[in-house]
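> Please find one structure pasted underneath; my questions will follow.
The values are calculated or read from the model by the stated rules, or taken from the named source; none is laboratory data. Note that this is a predicted model, so its numbers are computed, not measured. Methodologically, a virtual Cβ is constructed for each residue, glycine included, from the backbone with ideal geometry; neighbour enumeration extends over all protein chains shown.
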Amino acid sequence: MAYTLALPEVGETVTEGTIERWLKQPGEQVAKYEPIVEVNTDKVNVELPSPVSGTLREILAQDGETVAVGAPLCVIDEVAGEVPAEISPAPAKEEPAAAQAPAPKREPVAAGAGRDGSGNGAKQPHRATPRVRKLAEELGVNLEVLAGTGPGGRIVEEDVRAAVQGATAKAGVAVEEERAPVPPPTPVAAGADEEIVALTGIRKTIAQRMAASAFSAPHAWLATEADVTELVKLREAKKESFRERHGVDLTYLPFMAHAVAQTLLDHPYLNATWAEDKIVLKKRINLGIAVATERGLMVPVVRDADRLSVAGLARAMSDLGERARDSKLTLEDVQGGTFTLDNTGAFGAIISMPIINHGQSAIITLEAITKQPHVVGDNAIAVRSVVMLCLSFDHRVMDGHQAGYFLRDVKKRLEAAGQDTGID
């Protein structure tokens, strides 16, 4: 019997994945639960185990290809009489976990079958969420002739509205004409003094998400300077004992994370998302922490950050950072973020303008702490430790005064730190 392995549900918000690399090749034997392919989804790699023992006959989705959840990936000639196992993806470079969520059920296919199991290689239907399909029905737009601009060619609301407004048809008339096929890009050959670098799955994902955010959300930007002289003294006094008690370094980032999380409680529009016809205020504060890795930028999430102390945040961020760099994050680790914090100061930056994480309404950076002469007291000059705090926000969700008050209150919290500030 032949078994078609499909991309299973790997998270409630994940609709597609990119084939990072095949761990087995046609003709090779595979054992039940043995990792067979590495898939990149939502900026995290997962290894998909084989639900059956047998021989890998055919690969249906090639390296670098983006496929939808439920799409066939490969065909395996399974051992006769074996019952396929329920499978769930495991983090890349880790052993496959126990089964939790069943893979979408697929009918066995005969040798030489196409991707739809019929042997004719029929193409998959255009991908769109129920919300987009409903909008298209209301506006009289035929999704079958739309070319999606979302990740992996998915049709998004902007595509439907553009069709109505005349981007692909006359205003008020349903789109019925097939679009002319877009010719593939002309291959670019490297010159004598150039090098071509192939895009990895994670690089493509980052590019898609950053472009989606930059071109859909009207970014506005604010910056303020905070005097953190007393915070610097506090950290210097506590860092050795903190390391002995908690086993992690005490950096400035957990202090910033604590200030941000507590301030978000008073400024809900910074912890929100734009939903076209409404604004959704998030009740939980799940803080995304940008982590630079060799593979690319990761944003693991500290859940319910407002309930954690500085010490609790330091431990959580240290754990997530290490697992991000070791490619051991799970899908749960990178999903559900409501606000993002970026430690650009770690690279020596003193001011920056970050791009909002797509689906959120704001992002803040902690820049490098530097010593500068400042006017203090009665017009006296003193050397102080200062840092820039930079905030980008979605101007659809809030106005400048809301973002400004939030930034002001984060600054106040950082400047209020002193020797009596509790961190445990």
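> Which ones in region 282-314 are surrounded by 14 or more Cβ atoms within 10 Å (Cβ to Cβ) and polar (S, T, N, Q)?
Within region 282-314, Asn286, Thr293 meet the criteria.
> Does region 272-283 contain at least one residue that is touching a Leu at 6+ places or on another chain (Cβ under 8 Å) and either free of Cβ contacts under 8 Å to residues at least 40 places away in the same chain or not assigned by TED's automatic domain parsing to the domain that holds Val334 (or both)?
The first filter runs over region 272-283 and keeps only residues touching a Leu at 6+ places or on another chain (Cβ under 8 Å), leaving 272.
Of the ones still in play, those that are also either free of Cβ contacts under 8 Å to residues at least 40 places away in the same chain or not assigned by TED's automatic domain parsing to the domain that holds Val334 (or both) are none.
No, that holds for no residue.
Here's the yes/no breakdown for (1) assigned to a helix (DSSP H, G or I); (2) buried (at least 18 other Cβ atoms within 10 Å of the Cβ):
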position: Glu225; (1), (2): no, no
position: Lys239; (1), (2): yes, no
position: Leu250; (1), (2): no, yes
position: Ala257; (1), (2): yes, yes
position: Asp266; (1), (2): no, no
position: Val280; (1), (2): no, no
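> Quick check: is even one residue across region 248-270 without any contact (Cβ under 8 Å) to a residue 60 or more places away in the chain and of a type in the set (Ser, Thr, Tyr)?
The answer is no, given that none of the residues of region 248-270 is without any contact (Cβ under 8 Å) to a residue 60 or more places away in the chain and of a type in the set (Ser, Thr, Tyr).
> If you don't mind, another one. Which residues, taken from region 313-357, are in contact with a Leu (Cβ under 8 Å, 6 or more places away or on another chain) and either on the phi > 0 side of the Ramachandran plot or of a type in the set (S, T, N, Q) (or both)?
Those that are in contact with a Leu (Cβ under 8 Å, 6 or more places away or on another chain) and either on the phi > 0 side of the Ramachandran plot or of a type in the set (S, T, N, Q) (or both): Thr338, Thr340, Asn343, Thr344.
> A further question follows. Considering only region 58-75, state which residues are under 10 Å from Ala6 (Cβ atoms), assigned to a loop (DSSP other than H, G, I, E, B) and either among the aromatic types (Phe, Trp, Tyr) or in contact (Cβ under 8 Å) with a residue 60 or more places away in the chain (or both).
Within region 58-75, Val69, Gly70, Ala71 qualify.
> Turning to a different aspect of this structure: Scan region 278-293 and tell me whether some residue there is farther than 26 Å from Tyr405 by Cβ and either among the hydroxyl-bearing types (Ser, Thr, Tyr) or at pLDDT 95 or above (or both).
Checked against the condition, which is being farther than 26 Å from Tyr405 by Cβ and either among the hydroxyl-bearing types (Ser, Thr, Tyr) or at pLDDT 95 or above (or both), region 278-293 yields at least one hit.
> Another question about this same structure. Determine whether Ala261 is more than 22 Å from Gly345 (Cβ to Cβ), assigned to a helix (DSSP H, G or I) and either in contact with a Leu (Cβ under 9 Å, 6 or more places away or on another chain) or among the aliphatic types (A, V, I, L, M) (or both).
no
> Shifting gears a bit: Out of all the residues in region 322-333, is one or more in a loop (DSSP other than H, G, I, E, B), at pLDDT 95 or above, more than 23 Å from Arg235 (Cβ to Cβ) and touching a Lys or Arg at 6+ places or on another chain (Cβ under 6 Å)? Walk me through it before giving the result.
Within region 322-333, the first condition is being in a loop (DSSP other than H, G, I, E, B), and the residues that meet it are 326-330.
Going one step further and asking which of them are at pLDDT 95 or above, we end up with none.
Checked against the condition, which is being in a loop (DSSP other than H, G, I, E, B), at pLDDT 95 or above, more than 23 Å from Arg235 (Cβ to Cβ) and touching a Lys or Arg at 6+ places or on another chain (Cβ under 6 Å), region 322-333 yields no hits at all.
> Further, regarding this structure: Tell me, yes or no, whether region 239-254 has at least one residue that is more than 22 Å from Arg315 (Cα to Cα), in the same structural domain as Ile355 (by TED's automatic domain parsing) and of a type in the set (S, T, N, Q).
No, that holds for no residue.
> One residue is enough: does region 348-357 have a residue meeting the conditions over 18 Å from Ser216 (Cα atoms) and of a type outside the set (Gly, Ala, Ser)?
yes
> Another question, if that's okay. Could you please find all residues in region 375-424 being without any contact (Cβ under 8 Å) to a residue 24 or more places away in the chain, closer than 26 Å to Ala214 by Cβ and part of a helix (DSSP H, G or I)?
Of everything in region 375-424, just one residue is without any contact (Cβ under 8 Å) to a residue 24 or more places away in the chain, closer than 26 Å to Ala214 by Cβ and part of a helix (DSSP H, G or I), namely His401.
> Find all pairs meeting these conditions: Cβ atoms under 7 angstrom apart; at least six residues apart or on different chains; first residue within region 297-320 and free of Cβ contacts under 8 Å to residues at least 40 places away in the same chain; second residue assigned to a helix (DSSP H, G or I) and of a type in the set (Asp, Glu).
Qualifying pairs under 7 Å: Pro300/Asp333; Val301/Asp333; Leu320/Asp333.
> Okay, next question. Looking only at residues that are assigned to a loop (DSSP other than H, G, I, E, B) and closer than 14 Å to Thr15 by Cα in region 132-154, which one is modelled with the highest pLDDT?
Checked region 132-154; the qualifying residue modelled with the highest pLDDT is Arg154.
> I need every pair where a residue in region 344-371 that is closer than 19 Å to His258 by Cα has its Cβ under 8 Å from the Cβ of a residue that is of a type in the set (Asp, Glu) and in a loop (DSSP other than H, G, I, E, B), sequence separation at least 6 or different chains.
Note: pairs meeting the criteria are Thr344/Glu367; Gly345/Glu367.
> For the structure I just gave you, tell me whether Gly348 is surrounded by fewer than 21 Cβ atoms within 10 Å (Cβ to Cβ), in contact with a helix residue (DSSP H, G or I) (Cβ under 9 Å, 6 or more places away or on another chain) and closer than 20 Å to Leu250 by Cα.
The answer is no for Gly348.
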